[in-house]
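Peer 1: One structure, as structure tokens, below. Some questions next.
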Amino acid sequence: MTTARQRTAGVLLPLFSAPSRHSWGIGEFGDIPALTGWLRRAGFDMLQLLPLNELGRDERSPYSALTAMALDPQYISLRHVPEFVALGGESSLDDEARGALDLARRAGRVDYRNVRAAKYSALRLAFDRFLEEEWSGGTARAGDLCQYVHSESWWLEDYALYRAIRATEQERSWREWPGRLRHADRAAVTAARRVLGREVLFRQYLQWLAEEQWQAARRAAAPVAVFGDFPFLVTRDSADVWARQDEFLLEASVGAPPDEFSDEGQDWGLPPCNWDVMAQGGDDWLRKRIRRMGALFDGYRVDHLVGFYRTYVRPRGAPAYFLPADEPSQLAHGERMMRLFLESGSRITVEDLGSVPPMVRASVARLELAGYCVLRWERDWNSPGLPFRDPARYPHASVATTGTHDMETLAGWWPTLSPDEQVGLIALPVPGLERRWGLDVSAETLTAAVRDHLIELLYGAGSDLLVLPFQDVFGWRDRVNEPGTQSEANWTYRLPWPVEDLESEPESRACADRLRVFAERHGRI
């Protein structure tokens, strides 16, 4: 939700999708300034990213993180790490790491295995150099790390120890660790911290590098605001669950109930929160997550809003149920959660899509939360023909968009419409413009003229905030993710050009200039 009434526009693009010519096969913190340079040209003032939390070795989904707090070292730009530069940069890599880097760069999509192999090899070299040249001598740079470790200890302490133990346990789940460590026994944890001091420091060093680069990128991006994404939960095998085992229901998982899209509902495999125990502790974990997100981002999207009101719990070997159980309790619980977000002062939007009960819809409106208005789903469901709703009628406190990272793109969706639906969409008027006659309606492809009409429809929406998936402003078909599938294409999409070429490629320059006209015409600049 914006802090004052203003009409703004942004794009949704995962950071992993936007590498530069110099990055290591994946978008990096150091690539953000080049990306936001193009955004400024196009009249955008916001970049919406997907979660940046650290993932496990074999994980690709940004919603299945090892931590709710730490940034993923895979986004560190090695070219900006002084210790690695001092070693000679890429020439210091051994043959195996250099081969992994070459494969990662030449891949058409994000090759996480080789990205991580090359980067962790380089980061280990950089850390060894840091210990030898900085840490052992107590230099000013070593002092900066000490200061960071002290100031961020409220989350960094548990995380760094968890990662250190996990590394020594060959990346096995904490549920497979030796008994006392598995249960986070205080004496065992203290002993592990002492024995694994070097590895703990390595994990702290990585977070220091990541945060320094991230905050530098945010400053360079200004005045473009950088928004994050607040996942509903973390994985069972995460630092947070390990350190707070009583605050989660470890023998159950979170999902979605059966609906018109799924007869059996969904099982996401994530551990439900034990809300009663969390409340007894003053909602400490959620408060810390909110604090951390506020420090990292100019604002953020709260994922799976309905889960904060009622969590669909699927116990092992027993019937599923909602937590809390009844609607009055759900409403009270959800609004208490939302007040924690609102009181933080951060700009937030809320993902309120899918099967959302009326009481949550009413709560979102009452609290003036900025929920999502997705063009394809905003229809008059009670009228014959289910006509599309005029975007000019979207509420001010909302986010207008053509889709999310989980949806097929505008170009992929358009051919699925019936001719009557296509005609109904292009008949919707763009505010302030005469009706566009003669648009080519084709069930086969989304033409440039129809694409621009649909995009400008949303520029003219009543919503204070417009967020467009990057692919949709170009009319590309490439998806970020297809839920319910294990496709190799999920979470691996990369732009067709290095980000530094966005302002020189004719197609992207023309797109930026066209979007800027829309922004100026509809007061979003």
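The values are calculated or read from the model by the stated rules, or taken from the named source; none is laboratory data. Given the structure is predicted, the values throughout are model-derived calculations rather than measurements. Please note: Cβ atoms are built from the backbone with ideal geometry, for glycine as well, and neighbour counts cover all protein chains shown.
Peer 1: Name the single residue that is nearest to S238 (Cα to Cα) among those in region 67-96 being touching an Asp or Glu at 6+ places or on another chain (Cβ under 9 Å), of a type in the set (G, A, S) and buried (at least 17 other Cβ atoms within 10 Å of the Cβ).
Peer 2: A68
Peer 1: Next up: Looking at region 392-420, which of the residues that are under 32 Å from the mean Cα position of the chain (by Cα) and acidic (D, E) is nearest to V350 (Cα to Cα)?
Peer 2: Step one: filter region 392-420 for residues under 32 Å from the mean Cα position of the chain (by Cα), giving 392-417.
After this cut, where a residue has to be acidic (D, E) as well, the list is 406, 408.
On the way: D406: 15, E408: 20 Å.
So the residue we want is D406.
Peer 1: Which of the following residues is in contact (Cβ under 8 Å) with a residue 60 or more places away in the chain and within 17 Å of D501 (Cβ to Cβ): I32, I76?
Peer 2: Details: I76 fails: within 17 Å of D501 (Cβ to Cβ).
Exactly one of I32, I76 is in contact (Cβ under 8 Å) with a residue 60 or more places away in the chain and within 17 Å of D501 (Cβ to Cβ), namely I32.
Peer 1: Then there's this: Kindly check whether there is at least one residue in region 172-190 that is buried (at least 16 other Cβ atoms within 10 Å of the Cβ), in contact (Cβ under 8 Å) with a residue 24 or more places away in the chain and not in a helix (DSSP H, G or I).
Peer 2: There is at least one residue in region 172-190 that is buried (at least 16 other Cβ atoms within 10 Å of the Cβ), in contact (Cβ under 8 Å) with a residue 24 or more places away in the chain and not in a helix (DSSP H, G or I).
Peer 1: Does any residue of region 98-120 turn out to be of a type in the set (S, T, N, Q) and within 26 Å of A18 (Cβ to Cβ)?
Peer 2: Start the filter on region 98-120 by keeping residues that are of a type in the set (S, T, N, Q), which leaves 114.
After this cut, where a residue has to be within 26 Å of A18 (Cβ to Cβ) as well, the list is 114.
Yes.
Peer 1: Among the numbered criteria (1) at pLDDT 95 or above; (2) over 20 Å from Y394 (Cα atoms), which one does A449 miss?
Peer 2: With (1) at pLDDT 95 or above; (2) over 20 Å from Y394 (Cα atoms) applied to A449, the lone miss is (1).
Peer 1: Next question, about the same structure. Could you grab the pairs with beta carbons closer than 6 Å, sequence gap of 6+ or different chains, first residue in region 135-151 and over 17 Å from G197 (Cα atoms), second one at pLDDT 95 or above and surrounded by 10 or more Cβ atoms within 10 Å (Cβ to Cβ)?
Peer 2: R141/E134
For every residue, the table says whether it meets (1) buried (at least 16 other Cβ atoms within 10 Å of the Cβ); (2) within 30 Å of S329 (Cβ to Cβ); (3) at pLDDT below 95.
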| residue | (1), (2), (3) |
| --- | --- |
| S355 | no, yes, yes |
| S363 | yes, yes, no |
| G371 | yes, yes, no |
| L375 | yes, no, no |
| G385 | no, no, yes |
| D390 | yes, no, no |
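Peer 1: Could you please let me know if L458 is in contact (Cβ under 8 Å) with a residue 12 or more places away in the chain, touching a Ser or Thr at 6+ places or on another chain (Cβ under 8 Å) and farther than 24 Å from G25 by Cα? I'd like the intermediate steps shown before the answer.
Peer 2: Values: in contact (Cβ under 8 Å) with a residue 12 or more places away in the chain: yes; touching a Ser or Thr at 6+ places or on another chain (Cβ under 8 Å): yes; farther than 24 Å from G25 by Cα: yes.
Taking the combined requirement at face value, the residue satisfies it.
Peer 1: For Q215, indicate whether it is under 28 Å from V467 (Cβ atoms), assigned to a helix (DSSP H, G or I) and at pLDDT 95 or above.
Peer 2: Taking the combined requirement at face value, the residue satisfies it.
Peer 1: Taking A448 as meeting all but one of (1) of a type in the set (A, V, I, L, M); (2) within 13 Å of A9 (Cα to Cα); (3) surrounded by fewer than 19 Cβ atoms within 10 Å (Cβ to Cβ), write down the number of the exception.
Peer 2: Condition not satisfied by A448: (2).
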